Amino acid sequence: MWSLVKNKIIEKLFFLLENYRERKIYADKKSIPFKAVGSHFNIGNDYRISGSKYISIGNNFWCLNRLRLEAIDHYNQDNFSPEVIIGDHVNMNNDVHIACINRIEIGDHCLLASRIYISDHDHGAFTKESLRTAPNKRPLISKGPVIIKDHVWIGEGAVILANVTIGENAIIAANAVVTKDVPPNCIVAGVPAKIIKRIEND
């Protein structure tokens with residue numbers, strides 16, 4: 001009898017401890033000083049967010065673990081004015097990395113799979129002179145913003161690079177590397193990504 005009571009007490013204590021831990025984690029996440037954040041903000045564990053004052057997130061944001069979200073305003077001797085805008089009803093899986101020194105926009109109702117990298121900049125220019133400097137000492141350079149329109153689905157392991165606009169309803173295949181604009185209602189795949197199908201939208 002005592003063993004049963006003891007087990008129930010231990011079970012209850014573990015439940016209370018886990019419930020407290022989950023509530024504390026939720027409160028900590030809600031206290032991130034974003035520029036703006038909508039209702040129903042959910043983010044997994046082991047996240048890293050820097051430059052949150054430059055980041056706006058809409059309603060019903062849902063993300064799994066190990067999100068790395070960076071709005072970089074200073075690197076070496078250079079200063080930047082980054083802006084990250086994430087729309088409403090955006091879902092992200094594990095290990096998404098978004099790095100911004102210029103502007104990155106993700107529209108409404110977008111779905112991002114795992115291990116996705118989105119960046120609007122490079123470490124230095126691709127010149128002979130630049131090669132004389134170690135990569136981590138080269139200046140960050142943005143060729144242009146990344147704009148991802150509404151209803152875009154980005155597959156596992158995809159990479160989206162600077163100066164790219166992805167049109168509405170586009171699908172980015174797994175492991176694709178997007179280096180140029182993607183028209184609306186298209187599926188792109190490959191390295192570099194190319195259109196493999198156009199979807200008629202009546």
Would you confirm whether or not the range 121-144 contains a residue that is within 25 Å of Ile199 (Cβ to Cβ), touching a Cys at 6+ places or on another chain (Cβ under 9 Å) and surrounded by 16 or more Cβ atoms within 10 Å (Cβ to Cβ)? no
Pick from Ile72, Ile98, Ile85, Ile148: which is touching a strand residue (DSSP E or B) at 6+ places or on another chain (Cβ under 9 Å) and closer than 20 Å to Pro183 by Cα? Ile148
Of the residues in the range 154-181, those that are buried (at least 20 other Cβ atoms within 10 Å of the Cβ), within 16 Å of Ser119 (Cβ to Cβ) and among the β-branched types (Val, Ile, Thr) come to Ile154, Val159, Ile160, Val164, Ile166, Ile172, Val178
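Given the options Ile104, Ile118, name the one that is closer than 21 Å to Lys35 by Cα, at pLDDT 95 or above and in contact with an Asp or Glu (Cβ under 9 Å, 6 or more places away or on another chain). Break it down into steps so the answer makes sense when it comes.
Values: Ile118 fails: in contact with an Asp or Glu (Cβ under 9 Å, 6 or more places away or on another chain).
Going through Ile104, Ile118 in turn, the sole match is Ile104.
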Please count how many residues of the range 82-109 are charged (D, E, K, R) and under 12 Å from the mean Cα position of the chain (by Cα). 2
Residues within the range 67-84 that are among the hydrophobic types (A, V, I, L, M, F, W, C) and either surrounded by fewer than 18 Cβ atoms within 10 Å (Cβ to Cβ) or over 17 Å from Phe34 (Cα atoms) (or both), tallied: 1
Selection from the range 95-118 of residues buried (at least 18 other Cβ atoms within 10 Å of the Cβ), in a strand (DSSP E or B) and in contact with a His (Cβ under 8 Å, 6 or more places away or on another chain) yields Ala99, Cys100, Ile118
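The values are calculated or read from the model by the stated rules, or taken from the named source; none is laboratory data. Not measured: the values here are computed from a predicted model. Note that each Cβ is placed from the backbone with ideal geometry, even for glycine, and that neighbours are counted across all protein chains shown.
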